[in-house]
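Here's the structure, in structure tokens; my notes come after.
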Amino acid sequence: MPLLWIVVGAVLILDALVVWFTSSLNSGVVATFVLGVLYLLHGLHLLHGSRRARTRAGTENGLFRWLKVFVPAATALLLVLFASLAVLGRADTVSHQEDAVVVLGAGLRGEEVTPSLRSRLDVAIGYSVANPDAVVVVAGGQGPGETITEALAMERYLVAHGVPQSRILREDRSTSTHENFVLAKSLLDAHLGADYTTAFVTSDYHVFRAGGIAEKAGIDSTHLHADTPWYEIPVAYVREAMAITKFVLTGR
């Protein structure tokens, strides 16, 4: 068991570093790195400290026993959450007859779309082929380390892959999923009027929270998922766990 925690911790640390260098530095990278360090230290403590903890009375012994229970229990809860997000996120609900599709941003590296964002855009391209009359809203402002807005980079990618620019609306002011939907709805209201249907495209892990936020913003929760690159999965799901906590507390 100590070796398992050490290996898991090392994998999380390595994964955080890989995502940082291949995509961008974000709260998920930092949280995954910290979680990896905690698992690594926990494993080392189990490996080298169990005998010492057993021989000492009082607080340290009690704390050692508490950690042995808390860390596996908290990890099990996280795994249940991650599995639930993955299952729910892959249950697409689009009819390919919607009037518009909103593609949510996922970060840039300079001006280049990240692998996660590229996955979303490729799904949006497939949707636009199946539903050539739909308006495509690309949603995302400019974040740290980005030299242009996510929306502009997304538009360039879609146009380069055959989506007519005349079908694309660019929402380039948002800094959160909530703002993505609120500002996208304003664009669509002006472009399509009051009576239209929408779908959104995002990564599988993000579908559950995005659907709840979309409904609060007055956007249909109909969705189509994009697969998360395998090496981004730990970072993405750790970040989403924090975001869901925020959503439960604030509604955003």
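The values are calculated or read from the model by the stated rules, or taken from the named source; none is laboratory data. The model shown is predicted, which means the values in this text are computed figures rather than measured ones. Methodologically, a virtual Cβ is constructed for each residue, glycine included, from the backbone with ideal geometry; neighbour enumeration extends over all protein chains shown. For accessibility, only protein heavy atoms count, side chains too; no ligands or nucleic acids. Shrake-Rupley method; radii C 1.70, N 1.55, O 1.52, S 1.80 Å.
A few notes on this one:
- Residue check, ILE168 in contact (Cβ under 8 Å) with a residue 40 or more places away in the chain and more than 17 Å from SER116 (Cα to Cα): no
- Subset of segment 9-24 (residues that are open to solvent by 50 Å² or more (accessible area, probe 1.4 Å) and under 19 Å from TYR205 (Cβ atoms)): VAL11, VAL18, TRP20, THR22
- All positions within segment 171-198 that are in a helix (DSSP H, G or I) and free of Cβ contacts under 8 Å to residues at least 40 places away in the same chain: GLU179, VAL182, LYS185, SER186, ASP189, ALA190
- Of the numbered criteria (1) farther than 20 Å from SER119 by Cβ; (2) over 20 Å from the mean Cα position of the chain (by Cα); (3) open to solvent by less than 40 Å² (accessible area, probe 1.4 Å), the one LEU183 fails is (2).
- Selection of first residues in segment 146-161 that are over 17 Å from ALA134 (Cα atoms) and of second residues that are among the polar types (S, T, N, Q) and outside any helix (DSSP H, G or I), restricted to Cβ pairs under 9 Å at least 6 apart or on distinct chains, gives the following pairs, ordered by first then second residue: GLU146/SER24; ILE148/GLN142; THR149/GLN142; GLU150/GLN142; GLU150/SER174; ALA151/GLN142; ALA151/SER174; LEU152/GLN142.
- Segment 188-209, residues that are crowded, with 17+ Cβ neighbours inside 10 Å and either charged (D, E, K, R) or over 23 Å from SER116 (Cβ atoms) (or both): LEU188, ASP204, ARG209
- Qualifying residues in segment 135-145 (those that are modelled with pLDDT under 95 and more than 11 Å from ASP172 (Cβ to Cβ)) - the one most open to solvent (accessible area, probe 1.4 Å): PRO144
- Any hit, segment 109-116, residues being in contact with a Pro (Cβ under 9 Å, 6 or more places away or on another chain), open to solvent by less than 20 Å² (accessible area, probe 1.4 Å), part of a helix (DSSP H, G or I) and of a type outside the set (Asp, Glu): yes
Residue-by-condition table, conditions (1) closer than 15 Å to ALA83 by Cα; (2) out of contact with any strand residue (DSSP E or B) (no Cβ under 7 Å at 6 or more places or on another chain); (3) open to solvent by less than 30 Å² (accessible area, probe 1.4 Å):
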position: GLY211; (1), (2), (3): no, no, yes
position: GLY218; (1), (2), (3): no, yes, no
position: ARG239; (1), (2), (3): yes, yes, no
position: GLY251; (1), (2), (3): no, yes, yes
